[in-house]
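Working notes for the structure below.
The values are calculated or read from the model by the stated rules, or taken from the named source; none is laboratory data. Note that the structure is a prediction, hence the values are computed from the model and not measured. Ideal geometry is used to build each Cβ from the backbone, glycine not excepted, and the neighbour counts take in all protein chains shown. Remember, those area values only see protein heavy atoms, side chains included, never the ligands or the DNA or RNA. Shrake-Rupley method; radii C 1.70, N 1.55, O 1.52, S 1.80 Å.
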Amino acid sequence: MGVSGCGKSSVGQQLASILGYRFIEGDSRHPTENVEKMRNGIALVDADRWPWLEALGAELSQEGNTVISCSSLKRSYRDLLRAKAGRSLIFVFLNGSRSTLVSRMAARDGHYMPLSLLESQLATLEIPVGEPDVVTVEIEQPVERIVSEAIARIAGSTLRQ
């Protein structure tokens with residue numbers, strides 16, 4: 001979880017591969033209307049996000065372990081995913097500086113999320129400080145180290161299954 005440009009997809013894919021879990025790219029599950037809004041520089045609001053989060057929660061309720069890349073910017077979003085999953089979840093919060101996020105977003109090709117929406121995501125983000133079942137990993141390091149640190153923190157989590 002985290003704002004655009006933090007590496008959710010890259011880290012999530014590697015985590016899923018290493019752990020032997022199914023991977024779901026959360027952005028691919030956005031309805032067309034949401035994608036068009038973002039592509040046009042219009043920030044999503046809660047009403048746009050709820051159906052998307054409900055669909056992701058339904059994916060998490062299926063049998064087997066899954067890694068989903070999903071912004072989960074607010075605690076209420078994470079709580080909805082927990083409720084829909086019907087089981088314990090561990091969130092990996094990919095935290096980074098604004099300058100790192102801007103640099104990463106500016107360098108990527110083919111993504112519909114424009115750099116102009118980063119500020120709205122940062123404004124919406126409720127950093128999960130002290131929130132149970134969330135581990136935080138700083139992104140100012142190579143992806144392989146982010147993944148290794150995430151695995152170590154997950155292994156140390158009280159929710160590890």
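Assorted remarks:
- Here the condition is being of a type in the set (A, V, I, L, M, F, W, C) and within 24 Å of residue 139 (Cα to Cα); of 68, 42, it holds for 68 alone.
- Qualifying positions in segment 47-64 - in contact (Cβ under 8 Å) with a residue 24 or more places away in the chain and of a type in the set (A, V, I, L, M): 53, 55, 56, 58, 60
- Those helices (runs of 4 or more DSSP H) of segment 1-111 in which at least 1 residues are among the β-branched types (Val, Ile, Thr) and under 11 Å from the mean Cα position of the chain (by Cα), considering only elements entirely within it, cover 8-19.
- Residue 94 being within 15 Å of residue 133 (Cα to Cα), at pLDDT 95 or above and open to solvent by less than 20 Å² (accessible area, probe 1.4 Å): yes
- So residue 121, is it among the polar types (S, T, N, Q) and either at pLDDT 95 or above or not in a loop (DSSP other than H, G, I, E, B) (or both): yes
- Among the residues examined, residue 131 does not qualify as part of a loop (DSSP other than H, G, I, E, B), under 14 Å from residue 72 (Cβ atoms), modelled with pLDDT of 95 or more and not basic (Lys, Arg).
- Qualifying residue in segment 40-56 (condition: within 22 Å of residue 19 (Cα to Cα) and exposed (fewer than 14 other Cβ atoms within 10 Å of the Cβ)): no
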